[in-house]
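Please read the structure below before turning to the comments.
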């Protein structure tokens, strides 16, 4: 996409139609339909304006791109390597400072690593800039030693989140007994140093990725956590990215696994250990709302396109020079909220509908061995043929082939692109309501399709459709507020801080 075209679409998606029209000018080559829609809707108010939202309270950024543990389940790429890049190991101080406008509004800030967080040489610098935030560091715990622990205490880290999975070949330590023993020695060391310095921070938190190999160890793991003064634990699924890992995951035995996890959570919550499964004390079969939506933003390698969740969903818009509040409330974000907080999930992005968070039972579909059909093999050929027909203004014949692709293909991207072309064909036929419906389908399957989103934004203005009528956010939705800061006395040296209970 050319720079001029991308800039025009950027203005449209941020409700700045005046600048879009000016940049289009008198020669809208390749953007004729966009230019017409801009002229028709420039006086209309922005679509879905009621879905503006305060900036996210939870901010996460990766700071390290190295790791030496080699977990089989690692979907970042460390299962067979120790560094993602030869010449880029860590987030720099300057890159961290560039995120300051997003940090201002956050109440909770988590430093994570696509690899091992504590490999970063800049941890102290980051934490010293987060002393007015509730700070988290996620780690395997292996780099911890006395010197580093004392630095984390001195830097007033609030929470140290330790990843530990017990005895499982796919997780941390690959089921080695020596790793498990070493992990709990690290936990003991942290608690001893805190006790010797008379401090309560950082509070220790445990995250356990549950699979079929360790699910029967959950009681033992939680007992060890309790015995080591770890007060809170998150249980999560081990999320497979290939078929061998899927067979090790809980999803092939979903119902039985869910019952086991809920039972152990109930037992230990009654005993006083705070155990949650993504903010809940019980696994929900189909949560009403994604746990991440509208309160969490994550900056990983592409800091122009931050992540909204732990999944593969990509937004169509880059930050550029936008202020955080303008980016966060651009049309794609407002549309995304309207989908997630509506009564129906039918129009959710395809990547959300198939996600393990909202539909854990459907994860098996991602790893099914469906044979490639004869018709599927022709879908790309049909798509290319339809595109040529459309270019030659044979739009009815073209539409027929695009419909054929939609009905046959199992590739969401190809399906979304076909819907997009049908949307443009509907505009050629002067059928804006039909065009809107087709563009909705286009972004459902290709959520990062910038041009489809630009059409959708303008068509919403033109048609005047509101996505949700008189509907509020899901009543179960609330900001993640379990983690409170341990008391830290900033006016005394570390060695004299008084111990406070959580």
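The values are calculated or read from the model by the stated rules, or taken from the named source; none is laboratory data. These numbers were taken from a predicted model, which means no experiment stands behind them. Methodologically, a virtual Cβ is constructed for each residue, glycine included, from the backbone with ideal geometry; neighbour enumeration extends over all protein chains shown.
State yes or no: is residue 329 touching a helix residue (DSSP H, G or I) at 6+ places or on another chain (Cβ under 9 Å), without any contact (Cβ under 8 Å) to a residue 12 or more places away in the chain and closer than 24 Å to residue 442 by Cα?
Considered against the rule, which asks whether it is touching a helix residue (DSSP H, G or I) at 6+ places or on another chain (Cβ under 9 Å), without any contact (Cβ under 8 Å) to a residue 12 or more places away in the chain and closer than 24 Å to residue 442 by Cα, residue 329 comes out as no.
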Discussion item. Scan the stretch 386-400 and tell me whether some residue there is crowded, with 21+ Cβ neighbours inside 10 Å, under 27 Å from the mean Cα position of the chain (by Cα) and at pLDDT 95 or above.
Written reply: no
Worksheet entry | the stretch 75-116, residues that are surrounded by fewer than 13 Cβ atoms within 10 Å (Cβ to Cβ), within 28 Å of residue 245 (Cβ to Cβ) and at pLDDT 95 or above | 88
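Looking only at residues in the stretch 17-44 that are assigned to a loop (DSSP other than H, G, I, E, B) and surrounded by 15 or more Cβ atoms within 10 Å (Cβ to Cβ), which one is modelled with the highest pLDDT?
This residue is 31.
Touching a strand residue (DSSP E or B) at 6+ places or on another chain (Cβ under 6 Å), closer than 24 Å to residue 245 by Cα, in the same structural domain as residue 231 (by TED's automatic domain parsing) and surrounded by 22 or more Cβ atoms within 10 Å (Cβ to Cβ), is that true of residue 135?
No; evaluated as a whole, the condition is false for this residue.
Each row is one residue, and each column tells you yes or no for (1) at pLDDT 95 or above; (2) farther than 24 Å from residue 236 by Cβ; (3) in contact with a strand residue (DSSP E or B) (Cβ under 8 Å, 6 or more places away or on another chain).
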residue	(1), (2), (3)
147	yes, yes, no
156	yes, yes, yes
174	no, no, no
183	yes, no, yes
Discussion item. Looking at the stretch 312-324, I want the residues that are over 15 Å from residue 336 (Cα atoms) and have a partner that is not in a loop (DSSP other than H, G, I, E, B) with Cβ atoms under 6 Å, at least 6 apart or on another chain. Which pairs are those?
Written reply: 319/327; 324/101; 324/102
Discussion item. Looking at (1) surrounded by 20 or more Cβ atoms within 10 Å (Cβ to Cβ); (2) on the phi < 0 side of the Ramachandran plot, which one does residue 326 not meet, given that it meets all the others?
Written reply: (1)
Worksheet item: Is there a residue being over 28 Å from residue 180 (Cα atoms), part of a helix (DSSP H, G or I) and without any contact (Cβ under 8 Å) to a residue 40 or more places away in the chain anywhere in the stretch 127-146?
Response: yes
Worksheet item: Out of (1) modelled with pLDDT of 95 or more; (2) buried (at least 18 other Cβ atoms within 10 Å of the Cβ); (3) over 25 Å from the mean Cα position of the chain (by Cα); (4) farther than 30 Å from residue 45 by Cα, the odd one out for residue 414 is which?
Response: (3)
Item to complete: Please work out if residue 119 is crowded, with 19+ Cβ neighbours inside 10 Å, without any contact (Cβ under 8 Å) to a residue 60 or more places away in the chain, out of contact with any helix residue (DSSP H, G or I) (no Cβ under 8 Å at 6 or more places or on another chain) and in the same structural domain as residue 211 (by TED's automatic domain parsing).
Response: yes
